[in-house]
């Protein structure tokens with residue numbers, strides 16, 4: 001099976017602009033941001049409830065605590081929320097302040113409830129395709145891991161951020177750029 005594409009910075013900007021301009025722009029942009037900026041799996045995004053991301057002050061939390069029922073592998077995990085994602089979450093939450101904590105964060109317009117994993121994956125893939133990028137919904141997660149690796153963040157830390165049980169799995173997610181190889185060759 002081929003690996004999902006790692007998105008360039010320009011492709012990320014293009015995809016985010018395109019998502020934002022769709023009929024469900026804020027929802028779609030937040031969905032992509034959770035994948036690209038937090039490395040979340042499609043199933044984890046689909047399972048999120050408003051109470052998972054909204055703190056008692058009504059603002060976005062700094063750490064999303066996923067239960068074992070929301071993740072792969074039947075293990076709970078923490079998702080750290082960076083500044084850019086936090087801004088998007090706060091914007092989204094400001095428009096959904098009347099919704100209860102147990103409401104799906106990313107809601108289907110058809111049912112008003114949670115997306116299925118397959119439906120959300122298809123939605124993400126459609127946005128990528130509309131941006132001229134042929135890839136799967138897994139690109140956000142691979143992009144997240146690769147960008148962390150490019151920044152020199154250790155594999156063990158990336159493993160924890162992705163919620164992998166095995167570090168060998170994490171290594172498969174991280175592409176190595178020519179710039180990294182050049183820097184490594186020049187390091188003495």
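The values are calculated or read from the model by the stated rules, or taken from the named source; none is laboratory data. Here the structure is a predicted model, which is why all the values come from computation and not from measurement. Glycine also receives a Cβ, built like all others from the backbone with ideal geometry; neighbour counts cover every protein chain displayed.
Mind checking which helices (runs of 4 or more DSSP H) fall wholly inside the range 104-164 and carry at least 2 residues that are loosely packed, with under 15 Cβ neighbours inside 10 Å?
Working: elements: 117-130, 139-150, 155-162.
Of the helices (runs of 4 or more DSSP H) lying wholly inside the range 104-164, those with at least 2 residues that are loosely packed, with under 15 Cβ neighbours inside 10 Å span 117-130, 155-162.
Taking the condition of being free of Cβ contacts under 8 Å to residues at least 24 places away in the same chain and touching a helix residue (DSSP H, G or I) at 6+ places or on another chain (Cβ under 8 Å), how many residues in the range 1-31 meet it?
Residues of the range 1-31 that are free of Cβ contacts under 8 Å to residues at least 24 places away in the same chain, as a first pass: 1-2, 8-10, 13, 16-17, 20-21, 23, 25.
Then drop every residue that is not touching a helix residue (DSSP H, G or I) at 6+ places or on another chain (Cβ under 8 Å), which leaves 16, 20, 25.
Of the residues in the range 1-31, 3 are free of Cβ contacts under 8 Å to residues at least 24 places away in the same chain and touching a helix residue (DSSP H, G or I) at 6+ places or on another chain (Cβ under 8 Å).
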- Item | Residues within the range 54-89 that are under 27 Å from residue 7 (Cα atoms) and in a loop (DSSP other than H, G, I, E, B), tallied | 6
- Message: List the residue pairs whose Cβ atoms are under 6 Å apart, where the first residue sits in the range 98-115 and is under 15 Å from residue 43 (Cβ atoms), the second is modelled with pLDDT under 95 and in a strand (DSSP E or B), and the two are 6 or more positions apart or on different chains.
- Response: 104/114
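Take residue 98 and tell me if it is in the same structural domain as residue 62 (by TED's automatic domain parsing), more than 19 Å from residue 64 (Cβ to Cβ), modelled with pLDDT under 95 and surrounded by fewer than 12 Cβ atoms within 10 Å (Cβ to Cβ).
Numbers: in the same structural domain as residue 62 (by TED's automatic domain parsing): yes; more than 19 Å from residue 64 (Cβ to Cβ): yes; modelled with pLDDT under 95: yes; surrounded by fewer than 12 Cβ atoms within 10 Å (Cβ to Cβ): yes.
Yes, satisfied.
Just to be sure before I move on: is residue 53 within 19 Å of residue 120 (Cα to Cα) and outside the structural domain of residue 163 (by TED's automatic domain parsing) in the structure I sent?
Values: within 19 Å of residue 120 (Cα to Cα): yes; outside the structural domain of residue 163 (by TED's automatic domain parsing): yes.
Answer is yes for this residue.
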- Query: Within the bounds of the range 46-53, is there any residue that is outside any loop (DSSP other than H, G, I, E, B) and touching a helix residue (DSSP H, G or I) at 6+ places or on another chain (Cβ under 6 Å)?
  - Reply: yes
- Please name all residue pairs, on different chains or six or more residues apart, with Cβ atoms under 6 Å, provided the first residue is in the range 121-148 and is in the same structural domain as residue 47 (by TED's automatic domain parsing) and free of Cβ contacts under 8 Å to residues at least 24 places away in the same chain and the second residue is crowded, with 24+ Cβ neighbours inside 10 Å and not in a helix (DSSP H, G or I). 125/137
- Looking only at the range 32-56, count how many residues are surrounded by fewer than 21 Cβ atoms within 10 Å (Cβ to Cβ) and free of Cβ contacts under 8 Å to residues at least 40 places away in the same chain. 2
